[in-house]
Amino acid sequence: MGDGRTSLRQRTLSVLMCGLALAGAPAFAADSGPEAADAPFVAAESGDLAPLEAGRQSLAAPAAKALAEARLHAARFDADAAELDLRRYFTLRDADAYRQAQAWSIAEEIAFAKGDYAAAAKASGRALDYLPKDDWRRPETAQTRGLETVLSGAPPQTLAGGQPKPVPVKRDKAGLMEADVSIDGLVQSAVLDSGADISTLTASAAKRLDVRLLDGSGSVSSATRDAVPTRLGVADRVEIGGVVLEHVAFLVVDDAQLSFPGGFKIDAIIGSPVFRALGRVEFAPGARFASGAAASRPVAQSAPLRTIGEKFYVTIRVNGIDVPLHLDTGSTSSGLSAVFARSHAEWLAGLKRRRDREGGAGGFTASEVAILPAPTVALADRALHPAELTITLDDTPGSEKRNLGVLGGDLLGQFCSFVLDFRRGTLEPGASKGAAGCPATNGAF
């Protein structure tokens, strides 16, 4: 069955991130679920917006059209347009319970991104009203609502200024990108993890940094467990790359949840809400991290960057087909998911298989994977050359149930650098490794 390889992939808040108190809705039908006409919305949950973009004009119901526009605008980081679309959607009083749940989820995304945690908690509660009792989203949405309720009295994260400057990036024992940040005036080394839906601290780090803990507790899903106990804290001031943010929310977990065999521990993680607030960030694995004006200038070649909740998605081309993948700088490896495997069973014929172990908060879990050897891969029309891609064959506890796969460090590390521009909605790859002026690094990052 293979060599039992191990990868480290830390996940935090994996849920429908939404919020915004809008008009009322009809009663929930317990046996309701997605209709065939809702298939483009189901695809969008996995980051695949192509069916919705191609078919939104042909949607028969006015409410469905309004919701499609809301989803697409939110995915393109255009919150203002998405809010207008949602207001139009709710005035139509749609009877489709699945679409109602989607609408409240989009509303929650917007409010959470703005730091309006009370509105986010209210909207996640409304999403729960429309989700069937046996729907897999319910536990995650309930976790989110609990965390947002704890955050409800906290001020929103704000960008407070500063002078952008590049800062050195190093790799930790797992090969993850790490940089020094200032949290409430003290220096802390932190993993730069675009796959973390919220920034995270261990309990010991939060105590050393004197981060203010909020009343109440909750839980989150991890790569290995369906529920990891957590507290929430707020740092009054975080400086990263010379830029200052105020009122940054952190999950606070027991040290054991981010401790791994061999004495390796992660004490701090900077997640997607911070990167999004910075507007434009550059990752130069093994060299530097920069934001705003300190990041590289825009390049001609780019790939669309999209968001569902606090997750970022980029489409790559694998053996001739487009596959939207979750952009996760906190994963050392890329791969296709069990969702992809189920929808592309023809790819699995004749492939070798093995057992891989995946590490996350709470320990390790093993899953069977198929090995796709020497695939043809491209990102923004730039060829990548992985020796293999794994295709996960079974779901593991707490695993991401929507994504078609992960775009991680092994593929991103084939570029000298890459920029995420949240205003333009693009991922801009730099020169390929080995090009003139590109520093030599070992490993994915």
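The values are calculated or read from the model by the stated rules, or taken from the named source; none is laboratory data. What you see is a predicted model; the values in this text were computed from it and never measured. Glycine gets a Cβ as well: all are built from the backbone with ideal geometry, and neighbour counts include every protein chain shown.
What to note about this one:
- Residue identified as charged (D, E, K, R), within 18 Å of V187 (Cβ to Cβ) and modelled with pLDDT of 85 or more among D236, D255: D236
- Check on A63, under 25 Å from A303 (Cβ atoms), buried (at least 18 other Cβ atoms within 10 Å of the Cβ) and modelled with pLDDT of 95 or more: no
- None of T396, T376, T390 is at pLDDT 95 or above, in the same structural domain as S337 (by TED's automatic domain parsing) and surrounded by fewer than 20 Cβ atoms within 10 Å (Cβ to Cβ) except T376.
- Residue within region 313-327 that is buried (at least 24 other Cβ atoms within 10 Å of the Cβ) and touching a Cys at 6+ places or on another chain (Cβ under 9 Å) present: no
- Of all the residues in region 105-141, those that are under 21 Å from S46 (Cβ atoms) and either outside any helix (DSSP H, G or I) or under 19 Å from the mean Cα position of the chain (by Cα) (or both) number 19.
- If the condition is being at positive phi and modelled with pLDDT of 95 or more, then region 293-331 contributes N319, G320.
- Number of the exception - A75 against (1) under 24 Å from F422 (Cα atoms); (2) surrounded by fewer than 21 Cβ atoms within 10 Å (Cβ to Cβ): (2)
- Matching entry among D236, D255, D267, D328 (being out of contact with any Ser or Thr (no Cβ under 7 Å at 6 or more places or on another chain) and in contact (Cβ under 8 Å) with a residue 40 or more places away in the chain): D236
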